[in-house]
């Protein structure tokens, strides 16, 4: 399950660090192990312009967050949430799904993790934080509009 | 028994008297069928006994026999089977009482140690007032933290904490300087043995300090009773909580021991069947201890299984088990200490220390390898350890680490297993360090 791609992202996390501006910030934790991610989402209209984060945790949770930022930054909210859907479905497939590499790119490396139920939560930590922060950011921009 | 040999000649000093027969770990292992299984292609190396112990066949058989031949509810069923079940259940209470130097009326069955500690917090809490103080320690398991936090919130009492020293022992000096235990202290609740650091705490000494100011002493003995000879009279606690599944028994049964006079003065915890004396629409009166604290159908088969576990441990002897675990703790500390990049949390010498050892692991370039990754790699080689904060987050915060890995040994653990674990750690470290 520990593919080279995962280790590369873990050792050099993409888009790491907290940045301005942002519309929403959330902190998600994995209570069994203390994995934590604080994540910010910046939107411009319906487009994800930035996802910045700071986290501590295992290689799976940290690499997965890094891969997620590569995938969602620059996409529309609808596209990004569809990718969240697909990634979540893959992680809950117990490794039986044939993931679409054209769409999920580096995230397909996590198919091996899907065979370990205890670790699925690690892989989803950053993605869940993204979905939560995006929902909050949309609510904020709706209020301002 | 006549003994003409002088044991002091040529013998290394021992903490515990040598047992008559050598500790036959292979014979013990033969009683635990699970230890022969494989994980993938690797033989299982089970080093997670502080989490839950494995079960000997005798325990599983006792539970099966109970269900297949004697099953009925206890106390309320008046027929033959009811009598047999009640006898088996109360017989288990007797065995547990003997095992810890108590009388059966002082032994309350709960569902686990957490419930036992919640029972203690709720019933002792009935007497608390704002301004009273409860003292716990930073090395506690969450089950000996959260019930007291909730109690402090309910009553306005203040929660105070023992700190630890650099080598992972309770800092009694700082406690004295800070007046931690004082005339406002009503309850002191500490672990006998830390589930993370392995530290054996000076419970008797702390009990002495607490009793001097009239406080009640609660001891979380979940990691103590399974590993050390226990005599509640010597420990000095007023209430002692522990659990069956960490001492070869089944899950679903925990215990609270309390001195009878204290139990008799405590209000009920949960209300329901079998804990009452008379129930009228205008109110109820309650049974005497221990049944006052056992509302509803208790964990009958689980208690029977625990009774068999106590018999098993007693036949080997807790002195012999403690002496063997001391050897294992030394071996484990030595083997872990030899792995580069390992930082052992807690005492690095096997003095006043159990055989559960937590550690962090870093690569040669100083990158910390997360315990989840360590655990996963070890599991891929059949080695079962725990990775995470071990239900002791405040302690990990205090130590400045987010999480740790823990290897824990028990009476069936071998040196060869500890070697396999050490080899697997080298493999993890090389993998994450780029040596592939």
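The values are calculated or read from the model by the stated rules, or taken from the named source; none is laboratory data. No experiment lies behind these values; they were computed from the predicted model shown. Glycine also receives a Cβ, built like all others from the backbone with ideal geometry; neighbour counts cover every protein chain displayed.
Please determine whether any residue of the stretch A:108-128 is modelled with pLDDT of 90 or more, in contact with a helix residue (DSSP H, G or I) (Cβ under 9 Å, 6 or more places away or on another chain) and over 30 Å from residue B:40 (Cβ atoms). Yes, there is a match, as at least one residue in the stretch A:108-128 is modelled with pLDDT of 90 or more, in contact with a helix residue (DSSP H, G or I) (Cβ under 9 Å, 6 or more places away or on another chain) and over 30 Å from residue B:40 (Cβ atoms).
The residue of the stretch B:136-190 that is surrounded by the fewest Cβ atoms within 10 Å (Cβ to Cβ), among those that are in contact with a helix residue (DSSP H, G or I) (Cβ under 6 Å, 6 or more places away or on another chain) and under 21 Å from residue B:388 (Cα atoms), is B:138. Just to be sure before I move on: is residue B:409 out of contact with any strand residue (DSSP E or B) (no Cβ under 7 Å at 6 or more places or on another chain), in contact (Cβ under 8 Å) with a residue 40 or more places away in the chain, closer than 15 Å to residue B:359 by Cβ and within 14 Å of chain A (Cβ to nearest Cβ) in the structure I sent? When the stated conditions are applied, residue B:409 does not pass them. For the stretch A:25-44, the set of residues classified as in contact with a helix residue (DSSP H, G or I) (Cβ under 8 Å, 6 or more places away or on another chain), away from chain B (no Cβ under 14 Å) and free of Cβ contacts under 8 Å to residues at least 24 places away in the same chain is empty. Does residue A:49 count as touching a residue at least 12 places away in the same chain (Cβ under 8 Å), assigned to a helix (DSSP H, G or I), away from chain B (no Cβ under 12 Å) and surrounded by fewer than 23 Cβ atoms within 10 Å (Cβ to Cβ)? So residue A:49 does not fit the description; no. Determine if the stretch B:356-374 includes at least one residue that is away from every other protein chain (no Cβ under 12 Å), part of a loop (DSSP other than H, G, I, E, B), touching a residue at least 40 places away in the same chain (Cβ under 8 Å) and touching a helix residue (DSSP H, G or I) at 6+ places or on another chain (Cβ under 8 Å). Yes, the conditions are met somewhere in the stretch B:356-374. Taken as a whole, the structure places residue B:431 among residues that are outside any strand (DSSP E or B) and either touching a residue at least 12 places away in the same chain (Cβ under 8 Å) or under 22 Å from the mean Cα position of the chain (by Cα) (or both).
When the stretch A:61-83 is limited to residues that are closer than 17 Å to residue A:105 by Cβ and within 14 Å of another protein chain (Cβ to nearest Cβ), the one that is nearest to the chain's Cα centre (by Cα) turns out to be A:65.
The condition (being buried (at least 19 other Cβ atoms within 10 Å of the Cβ), in a helix (DSSP H, G or I) and out of contact with any helix residue (DSSP H, G or I) (no Cβ under 7 Å at 6 or more places or on another chain)) is satisfied by just one residue among B:88, B:116: B:116.
Filtered by the rule that a residue be buried (at least 22 other Cβ atoms within 10 Å of the Cβ) and either more than 12 Å from chain A (Cβ to nearest Cβ) or farther than 29 Å from residue A:114 by Cβ (or both), the stretch B:375-398 gives B:378, B:383, B:385, B:392, B:395.
Rundown of residues vs (1) outside any loop (DSSP other than H, G, I, E, B); (2) buried (at least 21 other Cβ atoms within 10 Å of the Cβ); (3) in the same structural domain as residue B:246 (by TED's automatic domain parsing), yes/no style:
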| residue | (1), (2), (3) |
| --- | --- |
| B:52 | no, no, no |
| B:73 | no, no, yes |
| B:84 | yes, no, yes |
| B:120 | yes, yes, yes |
| B:124 | yes, yes, yes |
| B:129 | no, no, yes |
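Inspection of the stretch B:340-353 identifies no residue that is crowded, with 19+ Cβ neighbours inside 10 Å, within 13 Å of another protein chain (Cβ to nearest Cβ) and within 30 Å of residue B:202 (Cβ to Cβ). Being over 21 Å from residue B:326 (Cβ atoms), modelled with pLDDT of 95 or more and part of a loop (DSSP other than H, G, I, E, B) is a condition met by at least one residue of the stretch B:184-199. Residues in the stretch A:91-123 that are more than 14 Å from every other protein chain (Cβ to nearest Cβ), surrounded by 14 or more Cβ atoms within 10 Å (Cβ to Cβ) and part of a helix (DSSP H, G or I): A:91, A:103, A:104, A:105, A:106, A:107, A:108, A:109, A:111. Residues to consider are B:301, B:295; find the one that is assigned by TED's automatic domain parsing to the domain that holds residue B:115, outside any strand (DSSP E or B) and at pLDDT below 95. None of the others qualify; the one that does is B:295.
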